[in-house]
Amino acid sequence: MAALDRHGSKSRVPLPLGHAWLLVEIAGATPDEAAAAAREMIDSLGEGTRPRDSAVVTDPAHQKALWRIREEGAGLTSRTPTGAEAWSGWEDAAVPPENLGDYLRDFEALMARHDRYGVVYGHFGDGCLHVRIDFELTHERGRREYRAFMEEAAGIVVRHGGRSPVSTVTARRAPNSSPACTRRASCGPSVSSSGPGTPTAS
């Protein structure tokens, strides 16, 4: 929120307490029915999964403002809070939604081990994540570290039953490395390549 305000959005949208937010849309035949279903969902959460705070938003203007945060925030992730450039490169990695929590914990640990920063967002209901990361791609050592990160990240996402974008990203962002070296890790052992950039199921 502070980042949005620094860029002049003047958002100041009321949000529940916390440092990260999950936006869940609940459908219903009427607004009252949808709101009741949302409250029932929150009340049904167990002790270990209940958020510290929550809000059921029914006002259309407030809903629109929340979506604006999502739209504006996506662009702001191209820079870190210190102003360093953050790169797309781990976009659309996905795991089964029921494995998302364990995957996120392992991904956070990976980021810490490599001393990298990035803001994770995405479509959590689909288990699909986006993150721009402050890789140092302007020198050789940074590119080697990028490749090591990608190979380890590919193994993590596959271990949690998902698929990663690493084979295409490696070709686009790190031209001095071979996409084939990570394709097996990112897609699983049943996928091989019949030509450059052409994975086939076997």
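Every read-out reported here was derived from the displayed coordinates using simple, explicitly stated rules and does not represent laboratory data. What you see is a predicted model; the values in this text were computed from it and never measured. Because the Cβ atoms are built from the backbone with ideal geometry, glycine has one as well, and the counts that use them run over all protein chains shown.
Along each of the three principal axes of the Cα atoms of the range 34-148, give the extent in whole Å, ordering the values from largest to smallest.
Extents along the principal axes, in whole Å: 55, 31, 22.
Just subtract the alpha-carbon distance of Asp92 and Asp43 from 0.36 nm times their residue separation and send over the number in nm, one decimal.
Working: separation 49, 0.36 × 49 = 17.64 nm, distance 3.10 nm.
Working it through step by step, the gained length comes to 14.5 nm.
Karplus couplings for the range 80-94 from phi (6.51 cos²θ - 1.76 cosθ + 1.60, θ = phi - 60°), rounded to Hz, Gly and Pro as x?
These are the phi-based 3J(HN,Hα) values: 7, x, 8, x, 5, 6, 10, 9, 5, x, 10, 8, 6, 5, 9 Hz.
Show the residues, 5+ positions off or on another chain, whose built amide H is closer than 5 Å to the amide H of Tyr117.
Asp134
Applying the Karplus parametrisation 6.51 cos²θ - 1.76 cosθ + 1.60 with θ = phi - 60° to the phi angles of the range 137-153, what ³J(HN,Hα) value in whole Hz is obtained for each residue in order, glycine and proline being reported as x?
8, 8, 9, 4, 4, x, 5, 5, 5, 4, 5, 4, 4, 4, 5, 5, 5
Taking 0.36 nm per intervening residue step and subtracting the Cα-Cα distance, what contour gain separates Thr80 from His123 on full extension?
Values: separation 43, 0.36 × 43 = 15.48 nm, distance 2.14 nm.
Going from the current span to full extension adds 13.3 nm.
Near the amide H of Gly122, under 5 Å away, which other amide H atoms are found, from residues 5 or more places off or on another chain, if H is placed in the peptide plane?
Sorted by chain and number, the residues that satisfy this are His130.
Run the quick spin-label model on His114 and Asp53: label points 7 Å from Cα toward the beta carbon, then report their separation in nm to one decimal.
Inter-label distance under the simple model: 3.3 nm.
Just add up the charged neighbours of Gly161: K/R +1, D/E -1, any other residue whose Cβ is under 14 Å from the Cβ of Gly161. Don't jump to the answer; show the numbers that get you there.
Details: positive: Arg159, Arg163; negative: Glu98, Asp102, Asp106, Asp126.
Net local charge, Gly161 excluded: -2.
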